[in-house]
1. A:Pro161 is checked against (1) more than 16 Å from the chain's Cα centre (by Cα); (2) assigned to a helix (DSSP H, G or I) and fails just one. What number does that condition carry?
2. Can you tell me how many residues in the range B:69-104 are in a helix (DSSP H, G or I) and either over 10 Å from the mean Cα position of the chain (by Cα) or more than 20 Å from A:Arg16 (Cβ to Cβ) (or both)?
3. Taking the conditions exactly as written (over 13 Å from B:Val35 (Cα atoms), modelled with pLDDT of 95 or more, open to solvent by 40 Å² or more (accessible area, probe 1.4 Å) and not acidic (Asp, Glu)), does B:Arg93 satisfy them or not?
4. Quick one: B:Gly173 ticks every box in (1) within 15 Å of the chain's Cα centre (by Cα); (2) small (Gly, Ala, Ser); (3) outside any loop (DSSP other than H, G, I, E, B) bar one, so which box is it?
5. Within the range B:126-143, does at least one residue satisfy the condition of being in a strand (DSSP E or B), open to solvent by 50 Å² or more (accessible area, probe 1.4 Å) and over 24 Å from B:Arg79 (Cβ atoms)?
6. Is one or more of the residues making up the range A:39-51 within 23 Å of B:Lys166 (Cα to Cα), facing another protein chain (nearest Cβ under 10 Å) and in contact (Cβ under 8 Å) with a residue 60 or more places away in the chain?
7. Would you mind stating whether B:Ile87 is within 23 Å of A:Asp13 (Cβ to Cβ), of a type in the set (A, V, I, L, M) and open to solvent by 50 Å² or more (accessible area, probe 1.4 Å)?
8. Search the range B:1-38 for residues being among the polar types (S, T, N, Q) and surrounded by 12 or more Cβ atoms within 10 Å (Cβ to Cβ), and hand back the single one that is farthest from the other protein chains (Cβ to nearest Cβ).
2 protein chains.
Amino acid sequence: MTEISFTQTVPEDDDRSRHVCDNCGFVLYENPKIVVGSVVRHEGQILLCRRAINPRKGFWTIPAGYLELNEAPEDGARREASEEANITLDIERLLAVYSVPRISQVQLIYRARLARPDYSPGPESLEVKLFSPDDIPYDELAFPSVHWALGHDAEAEGGAPPVPFKNPEGETGNMMPGGERLRTENM
Amino acid sequence: MTEISFTQTVPEDDDRSRHVCDNCGFVLYENPKIVVGSVVRHEGQILLCRRAINPRKGFWTIPAGYLELNEAPEDGARREASEEANITLDIERLLAVYSVPRISQVQLIYRARLARPDYSPGPESLEVKLFSPDDIPYDELAFPSVHWALGHDAEAEGGAPPVPFKNPEGETGNMMPGGERLRTENM
């Protein structure tokens, strides 16, 4: 059992308050987290997971989650897809880099295909399903960035150049398309 | 003064050991950090900063540093450029997404131009200088990813499509081009 004790203070040569260890002076920097995810296609359909956990339990999302220590982003996207939908991905390329500053997230979203046509819900999913583009449940998507990613993936499928998309102009990920204001957007 | 005490344990519904608060059960997730930086051009020259701090004090680098909480990546790249070289950037686009898993870093590197032709060293720089491409001090660059970024920026300048570059094949950022093995790559 490790006991650690921190004091909130501005370290020497810094300009922001940080948590500093009372024993050794170690500075615990808190920084934004990286979400890695993927828009997964299989024979023209798109794979979505219905969330078994909060926030936004019951809503549909793309396989995504926090990058772990010592993990490369594409490896993280593959791990999350495996954990949430029991799928194996062929990653094609980086589709988008989104930022949600309110909750200190940067999202790296990839375009991918199913390496094998098998899928099933992992512990954090109630259901995993392939949707034809016309059948995507837009009213039941979990987060603004899921809307963005599906729209951008459709643009990519339609021949947009392979340049990563960014937040839609003026959007910071706080609002659902219907106008609902979000308080959390953890994946 | 805030006192916090953590125990290292695997939280319920998790599969990795985390720091958990002894008082309230808060889980302190440690995740990779995001470095934001930019290759900055001005009239065909490239701006580099000579590091005033360790690691790699005295070596040349591009303006870059850790993204802060509640900060969008391009804003962070602009802030770091301002802090390290007292410059104002016009960011053109995302040049590269690099990953250095050993030290849990993801780097978002932008192409940028000087909005004004003024520059001077900030507290973390000994010197700031514009280099013609032929005069870049390749033997005195701070990190592998600085080599990559300068090479990729040259490819972009030469007409490569505006798709972000990635780590060179097989490279994980542990080794300088001359073969020196690095133990740290903090920016």
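The values are calculated or read from the model by the stated rules, or taken from the named source; none is laboratory data. Quick caveat, the model's predicted, so the values are computed rather than measured. Cβ placement follows ideal geometry from the backbone for every residue including glycine, while neighbour counts extend to all protein chains displayed. These accessible areas exclude ligands, DNA and RNA; they are computed on the full protein's heavy atoms, side chains included. Shrake-Rupley method; radii C 1.70, N 1.55, O 1.52, S 1.80 Å.
1. If we test A:Pro161 against (1) more than 16 Å from the chain's Cα centre (by Cα); (2) assigned to a helix (DSSP H, G or I), just (2) comes out false.
2. Looking only at the range B:69-104, we keep the residues that are in a helix (DSSP H, G or I), and these are B:73-85, B:101-103.
Retained after the next criterion (residues that are either over 10 Å from the mean Cα position of the chain (by Cα) or more than 20 Å from A:Arg16 (Cβ to Cβ) (or both)): B:73-76, B:78-79, B:81-85, B:101-103.
The number of residues fulfilling the criteria is 14.
3. Working: over 13 Å from B:Val35 (Cα atoms): yes; modelled with pLDDT of 95 or more: yes; open to solvent by 40 Å² or more (accessible area, probe 1.4 Å): yes; not acidic (Asp, Glu): yes.
Yes, satisfied.
4. Only one criterion in (1) within 15 Å of the chain's Cα centre (by Cα); (2) small (Gly, Ala, Ser); (3) outside any loop (DSSP other than H, G, I, E, B) is unmet by B:Gly173, namely (3).
5. Initial filter on the range B:126-143 (in a strand (DSSP E or B)): B:126-131, B:141.
Subsequent filtering for residues that are open to solvent by 50 Å² or more (accessible area, probe 1.4 Å) retains B:126-127, B:129.
Okay, now just the ones that are also over 24 Å from B:Arg79 (Cβ atoms), so none.
So far as the range B:126-143 goes, no, none of its residues is in a strand (DSSP E or B), open to solvent by 50 Å² or more (accessible area, probe 1.4 Å) and over 24 Å from B:Arg79 (Cβ atoms).
6. No, there is no match, as no residue in the range A:39-51 is within 23 Å of B:Lys166 (Cα to Cα), facing another protein chain (nearest Cβ under 10 Å) and in contact (Cβ under 8 Å) with a residue 60 or more places away in the chain.
7. Numbers: within 23 Å of A:Asp13 (Cβ to Cβ): yes; of a type in the set (A, V, I, L, M): yes; open to solvent by 50 Å² or more (accessible area, probe 1.4 Å): no.
No, not satisfied.
8. At the first step, the residues of the range B:1-38 found to be among the polar types (S, T, N, Q) are B:2, B:5, B:7-9, B:17, B:23, B:31, B:38.
Next, only the ones that are surrounded by 12 or more Cβ atoms within 10 Å (Cβ to Cβ) stay: B:5, B:7-9, B:31, B:38.
On the way: B:Ser5: 6, B:Thr7: 5, B:Gln8: 5, B:Thr9: 8, B:Asn31: 5, B:Ser38: 15 Å.
Going through the qualifying residues, I end up with B:Ser38.
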